[in-house]
Amino acid sequence: MASSASGTATNVMLAIFEKKTTQIDLYRPLRNYIAFNYSEREAQNLEDDLQTVKQLRSDVERQPDPSLTTRRDLLQNYFKALCLVETRFPISPDKDHINNVIFVWHDTFKNKQKASQQNIHLEKAAVLFNLGAVYSQIGLSYDRATVDGRRQALHAFIAAAGAFAFLRDNAATKASIGSSTTVDLSVECAGMLERLMLAQAQECVFENTIAKGSTPGVCAKISRQVGLYYEEALATCNAPPLNQHFDRAWISHMQLKAALFYAEACYRYGLELHEKEEIAEEIARLKSGISALSEAKKNTKGAAAQILDAISKLEVNLNRNLERAVKENDRVYLMRVPSPGSLPPVPAFSMVKPLAMSEVLDASKEKMFASLVPDSSAKALSRYTEMVDDIIRTQAEKLQQASELTRVRLKEMDLPESILALEGNFTLPTDLKEDVEAVQICGGPAGLEAELQQLRDLKRVNQEILIHIEELLQKEAREDAQFRSQFGTRWTRPQSSTLTKNLQDRLNRFAGNLKQAADSDARIERSVREHSALMSILDRRPIESALPTLARPIMSLDASEDAILGALKQSLRQLETLGAQRAGLEDMLKEMKRKDDILPKLMTSTGSYEDLFRKEISKYDSISEDIAHNIEAQEQLLLQIQAQNDEFAAIFNLEDYKASREKCYKQIQAAIAKFREIKENINEGLKFYVTLQDAITNVKQQCSDFVMTRNIQCKEMIEDVHKQMAGLSFQDTKTTGAYDNNHPSVGHQAQRSGSQLPTDPRPQTPSYYHPPEQPAMAGYSHPPPYGSTQQMSSPYHVPPQPSSPYAPQAGSPYPPPQAGSPYPPPHTQQQPPANHDYGQPAYPGWRGPYYNAHAQQPGSHPRPPYTIPGQYRPPQQGGYYSQQ
């Protein structure tokens with residue numbers, strides 16, 4: 001114990017000496033543990049941290065530092081390092097732990113007593129005790145005769161109280177477990193020292209109050225609190241386990257200080273009572289103070305002379321005021337003096353409290369041993385993260401539900417659309433507006449005529465190609481008939497009609513396709529004309545101009561519509577503000593979660609994880625309350641908006657406006673549906689004509705090849721006939737061989753007429769083309785009647801759809817589509833092979849490049865001319881044949 005007196009006798013105060021320890025090596029055990037449980041490389045990486053711990057412990061062992069503030073900083077830093085060591089290095093007698101470290105500390109009040117333990121709790125408790133002791137010494141070092149000295153001393157004493165309170169609450173219990181303990185680190189001693197330091201801090205406040213000349217009432221309250229703190233410390237010292245642990249001087253000091261400041265409070269309170277002329281109570285208070293001083297002076301062994309002198313002076317002042325008060329009461333007031341025991345306690349007011357050392361000693365921001373993360377800390381972090389995620393998820397769902405509720409309720413009330421309509425700011429539903437914009441982008445109803453013209457142009461091109469093909473075949477047939485008439489039986493090649501039957505059939509089917517397509521085109525054009533009025537609304541720009549208007553009432557009895565409208569707008573603005581607040585609260589939640597990193601605190605926490613979790617989770621309580629208040633305010637505001645909107649709807653006849661607006665919406669939707677239907681049918685027609693044109697063009701090429709081949713045959717046969725007529729022999733073997741070399745056969749060889757090679761065992765009778773049993777169909781110039789029962793290929797090989805103008809209807813003169821299509825689709829369309837298999841020789845004995853040299857098998861029919869692989873299947877344009 002150390003004491004100091006300055007200025008007045010009452011300035012005598014106490015300071016605590018530090019505990020002493022023995023030398024110990026922490027470096028080697030900690031390094032070995034890292035190398036064994038982690039790796040040698042990790043131990044090398046943490047060399048600086050290990051050296052820091054070693055140096056801090058060495059400095060703590062040195063007694064004492066020349067500067068108290070340097071010593072204070074050393075103890076704080078060492079305690080933080082111990083917190084980091086505790087969570088990473090298990091120090092205990094267990095064989096798997098660091099069991100070769102023993103901490104030894106002596107009792108500061110009974111130096112011969114000491115404690116030795118193989119755990120870090122004793123080390124931490126001793127360091128906290130020394131920190132409180134150094135703070136008390138710092139407070140005692142200031143000159144309290146000055147204002148600044150009293151202020152600095154005050155801060156030092158409340159810091160000392162904070163250190164002892166932290167020791168009592170966090171380390172004393174753990175350090176007292178075991179057989180080897182000391183009383184100075186007990187919970188009772190730490191609590192007593194906290195009260196003592198608070199008493200001295202409150203005493204500094206009292207000294208400052210007196211120096212400032214405060215009123216007697218204020219001085220009395222502060223003085224009484226000083227006495228209460230001393231009384232609490234004295235009571236703890238007189239109880240086990242401290243009643244036999246402190247010197248008599250400690251007990252006398254606290255006892256005299258408690259009595260002195262009680263009497264001081266009675267003296268100051270008596271001055272205030274005298275000013276109020278409450279003489280009787282003043283007399284009782286003065287007597288109570290004198291009695292307390294008299295009782296305290298009975299035990300003054302070891303007390304400081306300054307305190308005894310202060311007691312004597314105060315006793316003189318009490319007696320003087322008591323004598324004056326008694327005289328005035330006897331002469332003037334004649335009041336009955338109450339007994340001191342019947343009086344209420346003197347009012348007290350505390351001006352000090354222990355400094356919160358949790359922040360001063362927080363090691364969570366320290367980087368020492370940061371790379372070592374024990375499993376227990378990782379698991380605790382995972383659990384805390386789940387707790388935070390649950391809070392964030394719950395609160396976020398509340399915010400989203402509130403926003404969704406607002407959206408639904410406003411939609412039910414048709415807000416703010418009805419107000420915008422009143423102001424002329426019409427708007428379509430988002431999906432409907434997007435559909436209208438899509439229609440207008442592709443040209444709208446006004447652009448359908450140009451697409452219909454494309455249909456007409458493509459149909460005309462296909463018809464022209466068919467006519468051209470027919471003219472080619474007819475011209476070839478006329479020429480063949482002319483030569484047949486001219487040469488008679490000498491003209492031995494097959495007639496054109498026997499070779500072009502399949503071509504003519506295909507051309508007739510194409511013609512039928514075009515006729516059916518023309519009928520569909522007509523239905524499309526008729527649909528455009530019939531629905532042009534319906535679809536014209538889609539050409540309105542902007543489309544909102546087609547919507548009905550919401551007008552103010554023509555007559556108003558009280559002209560209240562503006563007030564009602566203004567109140568509704570104000571409520572909507574408030575609702576919007578609440579929505580913006582929710583968005584901000586949601587962002588705050590995310591930001592709090594992002595910054596919520598408690599791993600450093602977990603790594604330094606020595607208490608229960610549950611306590612840490614409760615403390616850390618509590619920081620979300622405030623924002624959770626804000627969310628609840630926001631949602632509650634929104635519910636009330638929505639009820640208010642509902643009532644205001646009902647009034648607004650009644651005045652502005654909102655129901656009629658909604659009905660007309662919905663009718664307009666349905667009209668727009670119907671126009672969009674009809675436009676899309678017509679548009680799809682037109683697109684289907686365009687694809688049909690393009691696909692059909694490719695097929696017709698391919699047949700045109702085949703017909704051109706056929707005509708060219710027939711022309712070559714014609715010229716050669718004319719030469720042969722002329723040679724026959726001139727008496728030339730066509731049986732000469734050399735001539736025949738030369739002719740074969742000039743005209744190599746391709747594919748199946750046809751039989752030759754008139755002669756055969758010597759090695760050919762086949763008969764000499766020429767084999768001509770045998771047409772099918774059914775009569776040959778005329779060319780494209782004589783198409784079959786479309787009303788006949790003949791099965792005709794449809795323009796598309798697709799199943800009929802009920803919404804397309806291209807579907808044959810019930811009772812239609814057109815037959816239903818055949819299962820197969822007359823021409824292959826574009827992706828399987830191939831050019832005809834170089835050797836067309838017409839299946840017939842040009843005339844007996846002729847072997848040209850376009851005919852087969854192989855004889856037909858008995859009983860087989862020759863392949864039809866210009867047969868192309870596969871069947872034509874145009875793209876599946878679902879709906880083009882659909883019924884309108």
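Points to keep in mind about this one:
- For the pair segment 653-703 / segment 321-364, the C-alpha centres are spaced 98 Å from each other.
- When each of the peptides 509-516, 128-135 is scored by how many other beta carbons lie within 10 Å of its residues on average, the order from highest to lowest is 128-135, 509-516.
- Per residue, in Å², the accessible surface of segment 20-342 once ligands and nucleic acids are set aside, probe 1.4 Å: 43 Å²
- Ignoring lysines fewer than eight residues from LYS459 along the same chain, the ones with Cα atoms less than 19 angstrom from its Cα are LYS515, LYS679, LYS687, LYS700.
- In order through segment 577-593: 3J(HN,Hα) via Karplus (6.51 cos²θ - 1.76 cosθ + 1.60), integer Hz, x for Gly, Pro: 4, 4, x, 5, 5, 4, 4, x, 5, 5, 5, 4, 4, 5, 5, 4, 5
- When each of the peptides 224-233, 684-693, 710-719 is scored by how many other beta carbons lie within 10 Å of its residues on average, the order from highest to lowest is 224-233, 684-693, 710-719.
- Using equal-weight Cα scatterers in the Debye expression, the normalised intensity of segment 109-212 in log10 at q = 0.11, 0.17, 0.23 Å⁻¹ is -0.38, -0.73, -1.08.
- Residues THR430 and THR215, FRET efficiency given R0 of 56 Å [Cβ-Cβ distance, rounded to 0.05]: 0.15
- Highest mean packing first, where packing is the average number of other Cβ atoms within 10 Å per residue, the peptides 168-177, 87-96 line up as 168-177, 87-96.
- Coarse-grained scattering of segment 266-324 at q = 0.25, 0.26 Å⁻¹, given as base-10 log I(q)/I(0) from a Debye sum over alpha-carbon atoms: -0.95, -1.00
- Projecting the alpha carbon convex hull of segment 20-342 along each direction and taking the average yields 19.3 nm².
- Candidate lysines for bridging to LYS297, where Cα separation is under 21 Å - those fewer than 8 sequence places away on the same chain excluded: LYS257, LYS287, LYS313
- Amide H contacts under 5 Å for ALA15, placed H, 5+ residues apart: ALA2
- Karplus-derived HN-Hα couplings along segment 159-164 (A = 6.51, B = -1.76, C = 1.60, θ = phi - 60°), whole Hz, x at Gly and Pro: 5, 4, 4, x, 5, 5
- Cα shape, segment 187-339, gyration tensor, a/c 1.5 rule: prolate
- In segment 17-83, trypsin sites (Lys or Arg not before Pro) in a DSSP loop with at most 11 other beta-carbon atoms within 10 Å: ARG62
- Accessible-area composition of segment 20-342, carbon plus sulfur, in percent [1.4 Å probe]: 48 percent
- Between segment 634-649 and segment 256-299, the Cα center-to-center distance that results, in Å: 68 Å
The values are calculated or read from the model by the stated rules, or taken from the named source; none is laboratory data. This one's a predicted model, so the numbers in the text were calculated from it and none came from an experiment. For neighbour counting, all protein chains shown are included, and Cβ atoms are generated from backbone atoms with ideal geometry for every residue, glycine included. Quick note on the areas: whole protein, heavy atoms, side chains included, nothing else; ligands and nucleic acids left out. Shrake-Rupley method; radii C 1.70, N 1.55, O 1.52, S 1.80 Å.
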